[in-house]
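Written out below as structure tokens is the structure these notes cover.
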Amino acid sequence: MKPVEISKLHFSYGGLPVLEDVNLEVGEGEFLGLVGPNGGGKSTLLKLVLGLLAPDSGKLRVFGENPKKSRRRIGYVPQFSEFRRDFPISVHDVVLMGRLSGRMRPGPYSAADRRAAVTAMKGSRVLDLKDRRLAELSGGQLQRVLIARALATNPDMLLLDEPTASIDSSIEESIFELLRDLNKRMTIMLVSHDVGFISRYVTRVACLNRGLVCHSTSELSAKGLEDIYGSPVQLIDHHSHLPTEAPE
Amino acid sequence: MMEFVRALGSQPFLQYAFAAGLLASLGCGVMGTFVVVRRIAFLAGGIAHAVLGGMGLALYLGVSPLGGALVAAVAAALIIGIVSLRAREHEDTLIGAIWAVGMALGVVFISQTPGYNSELMSYLFGNILMVTSGDLLLMAVLDLFLLITVGLFFRQLQAVTFDEEFSRLRGLPADLLYLFLLVLAALTVVLLIRVVGLILVIALLTLPAAVAGQWTGSLGRMMGVASILGAVFTTGGLALSYGPDLPAGATIILLAGSVFIVSTIFKSRRIRGRRS
């Protein structure tokens, strides 16, 4: 059962086409990077996979099912730049939210839920931040906490929306190292604006600008990107040119 | 102040007022916290003002005004909630409309009810000194209901307030929980109307929670501190107003507002101090 199967998918928003004839398959254990210009439909595609939006036409199956049914098998990491940082809540309580389910069980979290949250926090290396308030975290720390929350749902696939936007590059690298570790256990699909950098970590890059063209990492070329972005694009590996900054 | 303490020992109406303040502070601490962190103060204000329509109609029909307030508050909460879920972009216009239309209805109904015009001021600004034992009973029942439901579903309510999209993905009925939260807020508004009146309700709902939020790190603690602050404000306001014979509701709000300003100044100083 493939984690994601999309064929001939169309989606429009208020009469404007956002996605046209998108075909994409994500295999088990893959680490797919979804890149493309702003407004190219990357976040929309993630929301379709999560079942938060419904396609106009075409086929969309997640783990062989309707996305709404399979969404519980997906650990979603939203764009943290849109996050309410001033909410009075501890890291531990945020991660525990991954243990909620639609059964609306009253009362406190169970001991099993608490154990799962601790395991998840260990998995994304934030256990030492457990009792911190959300407002006290740096961008990179918050990103790891959101990954821990997604891990607490015990997912078969991780879905991340711009996980490293507005984090500085040395921390970005450590987040990608973490994701590469997690990829040994689960399928990962991530949206990024940073074409050159993610190609070092992902198994395949898909470029999205209304339509979708897929590349394996080795095929990722300036020519292919030019077709997608519509203007010459330079592939730059930022991290071999920048002096490394002190880690967090 | 001593005069107040002595009177509290001997005057039943003051004991009732004191008890009403304490009962109100529980509701304002628990639900005020949700109103503040979910940023729906304007929405709660709309519900509060729309309540006058229900109270006016109840008076006109000769039934209990507080019962009318209860029905109107829940109806306003559901209408605003359902529309804001369907078309978020029209939410604030709708709240403004319900706010004003509710009040206008109330004024028209009250004007057509012979002999009741004097009641209008006490609905608008509260009259904690006129609280009856029946009012206290209703307030206690509302408090109990609030505490039990929030206690049972605290995790779920916290999750939808913090991150609605993620809660939805976990399978929680996010829309239903949001409407439920609004209904609970509407019940709290009714709980507080006796104490400070419908115009000042919004201050008692937000100020204790806002002060508590400046000094606490979790929803639960914020609710506890906000409830204690609510009790301090209602009791303190009552005591301050008693000697010089000031309106109790307005004095309560002025006390809460002063503490909020002082707390905000201290908080921003502390943050600046930490930075420099």
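So, with a 1.4 angstrom probe, what is the percent of accessible area on segment B:2-269 that is carbon and sulfur? Don't jump to the answer; show the numbers that get you there.
Details: 7840 of 10820 Å².
Here carbon and sulfur together make up 72 percent of the probe-accessible area.
Rounded to a whole number, what is D in µm²/s for chain B from Stokes-Einstein with the Kirkwood radius over alpha-carbon pairs (37 °C, 0.692 mPa s)? Mind dumping the intermediate values first?
On the way: Rh = 19.2 Å.
Approximately 171 µm²/s, per Stokes-Einstein.
Over all residues in B:157-169, what is the mean tally of Cβ atoms on other chains that come within 10 Å of each residue's Cβ? Write down the numbers at each step before the final one.
Values: counts 0, 7, 7, 2, 3, 9, 9, 0, 6, 11, 3, 5, 14.
Partner Cβ neighbours, averaged per residue: 6.
Sorted by accessible area with a 1.4 angstrom probe, largest first, how do A:Lys47, A:Lys8 fall?
Most to least solvent-accessible, the answer reads A:Lys8, A:Lys47.
Give the interface area between chains B and A as buried accessible surface, both sides summed, probe 1.4 Å, in Å² to the nearest 100. If you can, show how the numbers build up before the last one.
Working: alone 13310 and 12350 Å², together 22820 Å².
Roughly 2800 Å² of accessible surface disappears when B and A pair.
At a Förster radius of 22 Å, what calculated FRET efficiency corresponds to the Cβ-Cβ distance of A:Lys59 and A:Asn154, to the nearest 0.05?
Working: r = 27 Å, r/R0 = 1.24.
It comes out at approximately 0.20.
Please sort by residue number the GluC sites (Glu not before Pro) in segment A:6-101 whose DSSP state is loop and whose Cβ has at most 15 other Cβ atoms within 10 Å.
A:Glu28
Net charge near B:Met31: determine it from the other residues with C-beta under 11 Å of the C-beta of B:Met31, scoring Lys and Arg +1 and Asp and Glu -1.
With Lys, Arg at +1 and Asp, Glu at -1, the neighbours total 0.
Going by the alpha-carbon gyration tensor, a ≥ b ≥ c the square roots of its eigenvalues, is segment B:156-276 rounded (a/c under 1.5) or, if a/c is not under 1.5, prolate (a/b greater than b/c) versus oblate? Walk me through the intermediate numbers first.
Details: a/c = 3.16, a/b = 1.34, b/c = 2.36.
Verdict is oblate for segment B:156-276.
In what order, largest first, do B:Leu57, A:Leu96 sit by accessible area if the probe radius is 1.4 Å?
Ranked from most to least accessible, the order is B:Leu57, A:Leu96.
Please report the base-10 log of the normalised intensity I(q)/I(0) for segment A:4-241, using a Debye sum with one equal scatterer per alpha carbon and no solvent, at each q in 0.12 (1/Å).
Taken in order of the listed q values, log10 I(q)/I(0) reads -0.69.
Average partner chain C-beta neighbours within 10 Å, per residue of A:141-150? Each step should come with its number before you reach the end.
Working: counts 0, 0, 0, 0, 0, 2, 0, 0, 2, 2.
Average per residue, whole number: 1.
What accessible surface, in Å², does a 1.4 Å probe find on B:Phe13, ignoring ligands, DNA and RNA and rounding to the nearest 10?
For B:Phe13, solvent-accessible area is about 80 Å².
Ignoring ligands, DNA and RNA, how do B:Ile199, B:Ile110 rank by accessible area with a 1.4 Å probe, largest first? Please report the intermediate quantities before stating the final value.
Working: B:Ile199 55, B:Ile110 5 Å².
Correct descending sequence by accessible area is B:Ile199, B:Ile110.
Please pull out the direction-averaged projected area of segment B:1-135, using the convex hull of its alpha-carbon atoms, in nm² to one decimal place. Please list the in-between numbers first.
Values: hull surface 39.1 nm².
For segment B:1-135, averaging the hull's shadow over all directions gives 9.8 nm².
Please tell me the relative contact order of chain B in percent, rounded to the nearest whole number, where contacts are Cα pairs under 8 Å and at least six residues apart. Could you put the intermediate results ahead of the total?
Numbers: 420 pairs, mean separation 87.9, N = 276.
So the answer I get is 32 percent.
Which translational diffusion coefficient, to the nearest whole µm²/s, is obtained for segment A:134-215 from the Stokes-Einstein equation, given a Kirkwood hydrodynamic radius over C-alpha pairs, 37 °C and 0.692 mPa s?
Details: Rh = 13.6 Å.
Result for D is 241 µm²/s.
Among bridges DSSP assigns within the protein assembly as shown, what percent are antiparallel (round to 5)?
Numbers: 20 of 37 bridges.
The answer is about 55 percent antiparallel.
Can you work out the accessible area per residue across the protein assembly as shown, with the rest of the protein chains kept in place, probe 1.4 Å, in square angstrom?
Numbers: 22820 Å² over 524 residues.
Per residue, the protein assembly as shown has an accessible area of 44 Å².
Ignoring everything but the protein chains, give the 1.4 Å probe accessible area of A:Asp93 in square angstrom, nearest 10.
Accessible area of A:Asp93: about 40 Å².
For B:Tyr60, what accessible surface area do you get with a 1.4 Å probe? Give it in Å², rounded to 10.
Here the residue's solvent-accessible area equals roughly 120 Å².
How high is the relative contact order of segment B:44-100? Use alpha-carbon pairs under 8 Å, at least six apart in sequence, and give a whole percent. All intermediate terms of the calculation are to be shown ahead of the outcome.
Working: 59 pairs, mean separation 23.6, N = 57.
Averaging sequence separation for qualifying contacts and normalising by length gives 41 percent for segment B:44-100.
Just counting partner chain Cβ atoms within 10 Å, what average do the residues of peptide B:209-219 show around their Cβ? Write down the numbers at each step before the final one.
Working: counts 0, 0, 0, 1, 3, 1, 1, 2, 10, 7, 4.
Whole-number average of other-chain Cβ neighbours for B:209-219 is 3.
Which entries in the list A:Lys130/A:Lys184; A:Lys42/A:Lys130; A:Lys122/B:Lys267 go over 28 Å, if you measure between the two C-alpha atoms of each? Walk me through the numbers before you get to the answer.
On the way: A:Lys130/A:Lys184 25 Å; A:Lys42/A:Lys130 32 Å; A:Lys122/B:Lys267 34 Å.
Distance filter (> 28 Å) returns A:Lys42/A:Lys130; A:Lys122/B:Lys267.
If R₀ is 35 angstrom, what is the calculated FRET efficiency for the pair A:Met1 and B:Lys267, using the beta carbon separation as r and rounding to 0.05? Intermediate results must be reported in sequence, preceding the final value.
Details: r = 53 Å, r/R0 = 1.51.
That pair, A:Met1 with B:Lys267, gives E of 0.10.
Hey, what's the per residue convex hull volume over the C-alpha atoms of the protein assembly as shown, in cubic angstrom?
Numbers: hull volume 90.7 nm³, N = 524.
Convex hull volume per residue, Cα atoms: 173 Å³.
The values are calculated or read from the model by the stated rules, or taken from the named source; none is laboratory data. Quick caveat, the model's predicted, so the values are computed rather than measured. Here Cβ is always computed from backbone atoms with ideal geometry, including for glycine, and neighbour counts include all displayed protein chains. Please note that ligands, DNA and RNA were not included when accessible areas were found on the heavy atoms of the full protein model with its side chains. Shrake-Rupley method; radii C 1.70, N 1.55, O 1.52, S 1.80 Å.
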